[in-house]
1. Determine which member of the set ASP111, ASP121 is in contact with a Gly (Cβ under 6 Å, 6 or more places away or on another chain) and surrounded by fewer than 15 Cβ atoms within 10 Å (Cβ to Cβ).
2. If you go through segment 165-178 one residue at a time, do you hit one that is exposed (fewer than 15 other Cβ atoms within 10 Å of the Cβ), in contact with a strand residue (DSSP E or B) (Cβ under 9 Å, 6 or more places away or on another chain) and modelled with pLDDT under 95?
3. Just the residues that are over 14 Å from ALA114 (Cα atoms), open to solvent by less than 20 Å² (accessible area, probe 1.4 Å) and out of contact with any Gly (no Cβ under 8 Å at 6 or more places or on another chain), please, taken from segment 142-162.
4. Residues that are of a type in the set (Ser, Thr, Tyr) and more than 23 Å from ASP58 (Cα to Cα): does segment 123-136 have at least one?
5. Tell me, yes or no, whether segment 65-79 has at least one residue that is in contact with a Cys (Cβ under 9 Å, 6 or more places away or on another chain) and either in a loop (DSSP other than H, G, I, E, B) or not basic (Lys, Arg) (or both).
6. Name the residue, out of ASP58, ASP79, that is more than 18 Å from ARG128 (Cα to Cα) and either open to solvent by less than 20 Å² (accessible area, probe 1.4 Å) or out of contact with any Ser or Thr (no Cβ under 9 Å at 6 or more places or on another chain) (or both).
7. Are there any strands (runs of 3 or more DSSP E) wholly within segment 83-191 with 1 or more residues that are of a type in the set (Gly, Ala, Ser) and closer than 19 Å to GLY49 by Cβ, and if so which?
8. Being among the aliphatic types (A, V, I, L, M), open to solvent by 20 Å² or more (accessible area, probe 1.4 Å) and touching a Ser or Thr at 6+ places or on another chain (Cβ under 7 Å) is the filter here, so list the residues in segment 88-108 that pass it.
Amino acid sequence: MKNLRKFVGLILLTMVVVHLAGCEITTPLAPPPQLTQEEVVLLTSHSWGGNCVARWRDGAVIEVYDETNFPLLEEVLNDWNEVLSGSIFLTTTDNPNEAEVTIVFGSLSSDGQAEIKWHNDLSFYEGRVIIDPIGGRNNLAIYKHEFGHIVGVYNHFAAGLMAAVVTSEEIDQEVKNYLKLLYSVPIGYCF
């Protein structure tokens with residue numbers, strides 16, 4: 001009994017020291033769904049996290065502030081929201097201080113660019129879409145493409161909306177499959 005008290009005391013002391021040191025005790029990641037080799041390749045080929053899952057937190061409401069005043073932004077967000085089916089939700093805001101994602105004009109060597117910032121656990125917390133005012137202005141495909149990067153596509157696909165050279169305004173099935181898979185695996189899970 002005396003040894004048990006010492007052991008419990010040691011555990012409590014360790015927890016206090018860890019807490020005071022600013023460390024967090026986290027629970028282990030839940031295992032991902034059973035994935036085929038093709039699904040693992042799909043995830044690791046296009047994820048911001050490379051061999052690890054990086055994305056927005058489940059159920060996140062991501063407010064978007066648009067300095068470019070793109071007239072079809074609601075269509076862009078609605079199309080992605082439909083694909084993501086509640087995993088996350090994109091909405092507009094008139095307050096730049098509330099936004100997780102901002103859209104701005106900037107001189108680029110391409111029509112658009114997207115940037116993502118994430119926490120150490122690989123969960124996204126901020127995004128930025130930069131649209132070239134000459135090549136990208138009022139171009140629905142470019143805005144949709146850049147928001148594809150914001151919702152989780154890092155590396156381009158071979159064809160379609162998320163290709164390096166955009167060939168469609170429609171979100172194709174391969175991208176839909178990728179995002180469904182991405183949001184089914186825990187953030188931070190590594191292969």
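1. Going through ASP111, ASP121 in turn, the sole match is ASP121.
2. No: zero hits.
3. Correct list: PHE157, GLY160.
4. Step one: of segment 123-136, the residues of a type in the set (Ser, Thr, Tyr) are 123, 125.
Narrowing further to those that are more than 23 Å from ASP58 (Cα to Cα): none.
The answer is no, given that none of the residues of segment 123-136 is of a type in the set (Ser, Thr, Tyr) and more than 23 Å from ASP58 (Cα to Cα).
5. Our first condition is that a residue be in contact with a Cys (Cβ under 9 Å, 6 or more places away or on another chain); within segment 65-79, this holds for none.
No, because not a single residue in segment 65-79 is in contact with a Cys (Cβ under 9 Å, 6 or more places away or on another chain) and either in a loop (DSSP other than H, G, I, E, B) or not basic (Lys, Arg) (or both).
6. On the way: ASP58 fails: either open to solvent by less than 20 Å² (accessible area, probe 1.4 Å) or out of contact with any Ser or Thr (no Cβ under 9 Å at 6 or more places or on another chain) (or both).
Being more than 18 Å from ARG128 (Cα to Cα) and either open to solvent by less than 20 Å² (accessible area, probe 1.4 Å) or out of contact with any Ser or Thr (no Cβ under 9 Å at 6 or more places or on another chain) (or both) holds for just one of ASP58, ASP79, which is ASP79.
7. Details: elements: 88-92, 101-105, 112-118, 124-131.
Where strands (runs of 3 or more DSSP E) fall fully within segment 83-191 and carry at least 1 residues being of a type in the set (Gly, Ala, Ser) and closer than 19 Å to GLY49 by Cβ, they are 112-118, 124-131.
8. Result: ALA99, single match.
The values are calculated or read from the model by the stated rules, or taken from the named source; none is laboratory data. Keep in mind the model is a prediction, meaning the values are calculated, not measured. A quick note on method: Cβ atoms are made from the backbone with ideal geometry, for glycine too, and the neighbour counts reach across all protein chains shown. All accessible areas refer to the heavy atoms of the entire protein, side chains included, with ligands and DNA or RNA removed. Shrake-Rupley method; radii C 1.70, N 1.55, O 1.52, S 1.80 Å.
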